[in-house]
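Shown next, in structure tokens, is the structure this report addresses.
Read-outs throughout are calculated quantities, based only on the coordinates presented, and are distinct from any laboratory measurement. If you're wondering where the values come from, they're calculated on a predicted model, not measured in any experiment. Virtual Cβ from ideal backbone geometry, glycine too; neighbours counted across all protein chains shown.
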Amino acid sequence: MLLCAGLSTRLGKLGAERPKPMLPVCGIPILAYGIANLVAHGVTDLVINTHHLGEVIEREIGDGRRWGARIRYIHEPAILGTGGGLKHALPLLDPDGRDEPFLSCNGKLIFDLDITKLVAAYKAAGDILGMMVVRRVPDAKAWGAVNVVNGRITDILGDGDHMFCGVHVTRPSVMARLPDGESDSIRQGYLPWLRAGEPVLAYEHRDGYFAEHSTPERYLESNWALLGAETLRHPPGHLRGIDPTARIHPTAVIEEPVRIGAFAHIGAGVKVGPYAVVGDGATVERSIERTVVWAGARADASNAGEPIVT
């Protein structure tokens with residue numbers, strides 16, 4: 001399940017225009033990165049929950065066929081949180097009542113996670129409530145610190161050197177224990193359960209790209225990282241370069257790294273880059289660098305200096 005029912009409030013006007021999982025990074029929606037990685041590891045049956053601007057997700061992502069996935073949607077008229085959203089979706093996640101393990105992934109992530117290894121670790125662990133993906137970070141408390149001792153999680157939202165990465169493996173019967181209505185899978189789930197002595201294990205992510213996009217600053221940083229040296233094992237498309245259908249005036253100057261999308265138009269005398277993303281069908285009539293121009297938007301004198309042109 002890909003959790004996509006947030007409100008996107010920290011993104012300001014960006015979140016008012018598009019739900020967070022649909023912000024374009026290098027011209028491709030964040031959500032597509034998660035889908036592509038899941039499919040590459042053989043996970044093709046997906047459920048997406050929606051709330052804020054859910055119609056944008058359904059219209060642009062569709063049934064998932066283009067990535068080799070089968071996607072079903074479940075809308076939340078009232079937001080249910082990370083735990084309530086999972087419990088609400090159990091009829092889709094476990095239609096036959098077989099209680100088979102499933103992955104829960106935050107839809108706002110670009111995460112180069114080896115899902116095959118994660119699932120293998122979960123299966124090898126035996127009878128546990130769940131396995132949470134964590135990574136060691138210097139500012140763990142700012143992310144809700146996770147304490148890990150010999151591979152076992154002993155505390156969350158207290159002391160620790162790790163952060164929870166927004167991905168975990170569990171079973172429907174575990175999420176069914178959550179209260180009805182709105183709930184948090186950590187605060188009303190894993191945290192009280194592990195304090196009662198029930199086993200919750202950690203899977204440590206040590207290498208590979210990880211980014212979440214809750215603020216405009218983090219959103220921009222992710223674009224620059226993927227335009228630059230960072231790589232993904234299973235990208236959903238071309239993250240760098242110039243689409244062959246783009247129209248670039250002979251006097252324009254392109255300085256890599258850039259991503260210029262299909263049918264984009266770069267005007268006369270314009271310098272694009274370094275670190276610039278021009279979405280499909282966008283028009284650039286002023287010089288830009290460290291700027292993201294969304295699909296169909298226009299960068300000109302009227303929005304000079306804006307790092308994100310929508």
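Here are the numbers for the structure shown:
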{"quantity": "Relative contact order %, the chain, counting alpha carbon pairs below 8 Å whose residues are six or more apart", "calculated": "16"}
{"quantity": "Rounded tilt (10° steps) of 30-40 against the dominant C-alpha axis of the chain", "calculated": "60"}
{"quantity": "Angle in degrees between helix 216-227 and the longest Cα principal axis of the chain, rounded to the nearest 10", "calculated": "70"}
{"quantity": "Crossing angle, helix 115-125 versus the chain [Cα axis fit, 0-90 degrees, rounded to tens]", "calculated": "10"}
{"quantity": "Rounded to 5, percent antiparallel among DSSP beta bridges of the chain", "calculated": "40"}
{"quantity": "Contour minus Cα-Cα distance for residue 253 and residue 96 (0.36 nm per residue)", "calculated": "50.7 nm"}
{"quantity": "Antiparallel DSSP beta bridges within the stretch 102-241, as percent of all bridges there, nearest 5", "calculated": "80"}
{"quantity": "Inter-label distance for residue 161 and residue 204, nm, one decimal - labels placed 7 Å from Cα along Cα-to-Cβ", "calculated": "0.7"}
{"quantity": "Rel. contact order, % - alpha carbon contacts under 8 angstrom, at least six apart, the stretch 240-309", "calculated": "23"}
{"quantity": "Listed residues 223, 250, 176: farthest to the positive end of the dipole of the stretch 166-298 (Cβ charges)", "calculated": "250"}
{"quantity": "Label-reachable residues, the stretch 269-291, where backbone N falls under 12 Å from a point 7 Å from residue 304's Cα toward its Cβ", "calculated": "286-288"}
{"quantity": "Sorted by Cβ density within 10 Å, fewest first, the residues 217, 256, 212", "calculated": "217, 256, 212"}
{"quantity": "Candidates 69, 268, 32: whichever shows maximal mean-square fluctuation once the chain is modelled as a Gaussian network with Cα springs under 10 Å", "calculated": "268"}
{"quantity": "Cleavage-rule hits (trypsin sites (Lys or Arg not before Pro)) in the stretch 124-208: DSSP loop, at most 11 neighbouring Cβ within 10 angstrom", "calculated": "206"}
{"quantity": "MRE, 222 nm, helices only [DSSP H, n ≥ 4, -39500 (n - 2.57), over the chain, to nearest 500]", "calculated": "-5500 deg cm²/dmol"}
{"quantity": "Sparse-neighbourhood loop sites, trypsin sites (Lys or Arg not before Pro) in the stretch 1-98 - DSSP loop, at most 10 other Cβ within 10 angstrom", "calculated": "98"}
{"quantity": "Cα extents of the chain along the three principal axes, largest first (Å)", "calculated": "67, 38, 32"}
{"quantity": "Computed over the stretch 34-117: relative contact order in percent, which uses C-alpha pairs under 8 Å that are six or more apart", "calculated": "36"}
{"quantity": "Relative exposure of 102, 263, 111, judged by other C-beta atoms within 10 Å (fewest first)", "calculated": "263, 102, 111"}
